[in-house]
Amino acid sequence: MNLGTEYLKVVQERFRSVKDLGDKTINQLTEDDIHWKLNEASNSVAVIAKHLSGNMISRWSDFLTSDGEKTYRNRDQEFVDHVLSKQELIIVWENGWNTLFGTLQDLDDKDLVKKVTIRGESHTVLEAIERQMAHYAYHIGQIVYIGKQLKGDIWECLSIPKGASEEYLQEKLKRQES
């Protein structure tokens, strides 16, 4: 087994899992919900999703050859809630994730120790991947939290429901025995 190849496989699965949480949350939200924010210091789901997409396109385009903070990126505009429909938001969202996954699929194990630059700071490819994983998971957590607060009792749980841990464990164990 090649450790680098295995890592790239696992990290793509983890990014897909994180994306899936965001997808399932956005799917539960209405047009109004995606623009809701608690206060002026807070971000809406639409803003967070737009920011993630802008970050992904900047970081993962020409990943091995140019600074991850592209000159064409206007990060501050990512935090302005332009009126986007839910469908438009999903297109922006998917564009960012497609950029990320396309780049990850093109990497091989030898690339992991190469150097890339983000905002003038040197990182190994491995470090850059881990940096972005933490960033994206942080923001997806915000999206899920907002969704849970907005949907309340009609929220469709994305993981193990409260009070169902033992049942979940037993079901997993039963499947492994088969």
Scan the stretch 34-57 and tell me whether some residue there is farther than 30 Å from Val125 by Cβ, surrounded by 13 or more Cβ atoms within 10 Å (Cβ to Cβ) and of a type in the set (Ser, Thr, Tyr).
yes
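Take the conditions outside any helix (DSSP H, G or I), within 29 Å of Lys115 (Cα to Cα) and open to solvent by 60 Å² or more (accessible area, probe 1.4 Å) and apply them to Thr71. Does it pass? Please lay out each step first, then the result.
Values: outside any helix (DSSP H, G or I): yes; within 29 Å of Lys115 (Cα to Cα): yes; open to solvent by 60 Å² or more (accessible area, probe 1.4 Å): yes.
When the stated conditions are applied, Thr71 passes them.
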A careful count of residues in the stretch 24-42 that are without any contact (Cβ under 8 Å) to a residue 24 or more places away in the chain and part of a helix (DSSP H, G or I) gives 1
What are the pairs, 6+ residues apart or on separate chains, where a residue within the stretch 113-128 that is open to solvent by 90 Å² or more (accessible area, probe 1.4 Å) has its Cβ under 8 Å from a residue that is of a type outside the set (A, V, I, L, M)?
Val113/Thr124; Lys114/Thr124; Lys115/Ser122; Lys115/His123; Lys115/Thr124; Arg119/Asp67; Arg119/Gly68; Arg119/Glu69
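So that you can scan it fast, the table gives a plain yes or no per residue for (1) in contact with a Phe, Trp or Tyr (Cβ under 9 Å, 6 or more places away or on another chain); (2) farther than 18 Å from Ile26 by Cβ:
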site: Trp36; (1), (2): no, no
site: Ser44; (1), (2): yes, no
site: Ala49; (1), (2): yes, no
site: Met56; (1), (2): yes, no
site: Ser61; (1), (2): no, yes
site: Arg73; (1), (2): no, yes
site: Leu89; (1), (2): no, no
site: Asn98; (1), (2): no, no
site: Thr103; (1), (2): yes, yes
Taking the stretch 74-112 as the search range and keeping residues that are among the charged types (D, E, K, R) and without any contact (Cβ under 8 Å) to a residue 40 or more places away in the chain, which one is least open to solvent (accessible area, probe 1.4 Å)?
Glu78
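The values are calculated or read from the model by the stated rules, or taken from the named source; none is laboratory data. Note that this is a predicted model, so its numbers are computed, not measured. Please note: Cβ atoms are built from the backbone with ideal geometry, for glycine as well, and neighbour counts cover all protein chains shown. What goes into the accessible areas is simple: the full protein's heavy atoms, side chains included, and nothing from ligands, DNA or RNA. Shrake-Rupley method; radii C 1.70, N 1.55, O 1.52, S 1.80 Å.
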